[in-house]
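Notes follow the structure.
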Amino acid sequence: MGSAAAYKLAMSGSDVLVVEKFHRGHTFGSSHGETRIIRFFYDKPYYTELMKTAYAEWRDLESKSGKQLLFITGSVCLGQRNNQYVSDVQNSLDAGAVEYESWDDAQLVNRFPQFSVSNNMDILWQKDTGFLYASECVSTYLKLAEHHGADIRENTTVTNIDWQSEIPTVYTENNKYSSRKVIVTAGAWTSNLLNELSLPLNVTKQQVCYYKPTDYIQFQPDTFPVFTEITTDGMFMYGMPYFGANGAKVARHGMGKSVSPDTCNRTPEKYYINLLDTYVRNRIPELGKAVHSEMCLYTETPDEDFIIDKHPDCPNILIAAGFSGHGFKFCSLVGRIMSELALTGKTELDISPFHIDRLNSL
Ligand SMILES: Cc1cc2nc3c(=O)[nH]c(=O)nc-3n(C[C@H](O)[C@H](O)[C@H](O)COP(=O)(O)OP(=O)(O)OC[C@H]3O[C@@H](n4cnc5c(N)ncnc54)[C@H](O)[C@@H]3O)c2cc1C
């Protein structure tokens, strides 16, 4: 989020300083790894609507950088017959006039024989879904921001933000910076930096597994789709094609343990790998067993909606946080929104679902 905002602001000719606790490309937060799903299908229509602009902003970044960052694979969204999530998704796609197809099990295995499914499932096919080359997206934002004059300070921790002074002041171990606007995109560390707000943010650790099937040709971006499934025991499983060094990614969304970002143990857990291998054995048997697994952090709000707003007591501080495990696809849009709020105090995009004050009534 911070890199995307820095890029947009630097492109607009603003004087930008980025302060980052670790080195760029680090693996301690929420944005590392090669892939992140981008999709229109959501159970809340406002996300489907906002995705239209997010896709356009990603395409703009591709044209500005000359790099392919977005890979369209299409997707299948699976759930047991009369599944609430799948029908909510259908409503959102209808509301957004986004094309999709309802398939039966025969149509699915005819198109993607890699799947093993029963005949009592709801199946949606959506052609525009894909994945983003996540690590490349972040580094591209930073490189272009620097190219347009942004100053990026790595391995520098913000120790405090003085929100009570007219001009907000940011303190690090050795320096202080006064700035007309401060944009806080501190991910899992947001509560530490904005503790005066007592935001209901729950940091959880999440694990993903990677598979390297023998017949990897069957699992390429042009032969295998992104998929999600709400299982009979309520788990939200997702996966995507073979890409990059790690292979095909499969994981469970959410249900992670609450942790502190500074002290949590990031060693992958065996029980989780077994859980994923069992799921894969039943649903996509040709994938085989996990060959690698890694950790990452979610920063969850109680309603899993984002926080995009001004600091309630200091409008010169802007906050983008609580992306609850589904924010990456939106960072092209969040970067634009934060730069518009910083430069003009407003944005034409509807961010009303993300206002902080909603949290008081949750
Ligand atoms: C396993 C997993 C799978 C996911 N899959 C998807 C997906 O398929 N699609 C999707 O859209 N989203 C997905 N997400 C969610 C998405 O990756 C996150 O929502 C997004 O990366 C959040 O970005 P961020 O900038 O808020 O956090 P981060 O990238 O963590 O950035 C916060 C930065 O702030 C820095 N920082 C914190 N405190 C300080 C300080 N005091 N001083 C200086 N710097 C500081 C940190 O070092 C960090 O670099 C997934 C997340 C995980 C964990």
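The values are calculated or read from the model by the stated rules, or taken from the named source; none is laboratory data. Not measured: the values here are computed from a predicted model. Positions of Cβ are backbone-derived with ideal geometry, glycine not excepted, and every protein chain shown enters the neighbour counts. Accessible surface is based on the protein model in full, side chains and every heavy atom, while ligands, DNA and RNA are left aside. Shrake-Rupley method; radii C 1.70, N 1.55, O 1.52, S 1.80 Å.
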Note to self: Regarding region 72-89, can at least one residue be identified that is more than 23 Å from Thr231 (Cβ to Cβ) and either of a type in the set (Lys, Arg) or within 21 Å of the chain's Cα centre (by Cα) (or both)?
What the structure shows: yes
Next item on the list: Take region 281-340 and flag every residue that is under 30 Å from Ile217 (Cβ atoms), of a type in the set (A, V, I, L, M, F, W, C) and away from the ligand (no atom under 11 Å from the Cβ).
Entry: Ile284, Leu287, Ala290, Val291
Checklist line | strands (runs of 3 or more DSSP E) wholly inside region 261-333 containing at least 1 residues that are surrounded by 19 or more Cβ atoms within 10 Å (Cβ to Cβ) and in contact with a Cys (Cβ under 6 Å, 6 or more places away or on another chain) | finding: 290-300
Item checked: region 152-196: number of residues that are aromatic (Phe, Trp, Tyr), farther than 25 Å from Leu333 by Cα and within 14 Å of the ligand (Cβ to nearest atom) -> 2
Notebook entry, point to check: Within region 334-362, can you find the residues that are assigned to a loop (DSSP other than H, G, I, E, B) and of a type in the set (A, V, I, L, M, F, W, C)?
Noted result: Leu349, Ile351, Leu362
Note to self: Let me confirm something: among Thr190, Thr156, Thr204, Thr169, which residue is within 20 Å of His326 (Cβ to Cβ), in contact with a Lys or Arg (Cβ under 8 Å, 6 or more places away or on another chain), open to solvent by less than 50 Å² (accessible area, probe 1.4 Å) and not basic (Lys, Arg)?
What the structure shows: Thr204
Item checked: Output for region 172-185, where each listed residue is among the polar types (S, T, N, Q) and either in contact with a Lys or Arg (Cβ under 8 Å, 6 or more places away or on another chain) or surrounded by fewer than 18 Cβ atoms within 10 Å (Cβ to Cβ) (or both) -> Thr172, Asn174, Asn175, Ser178, Ser179
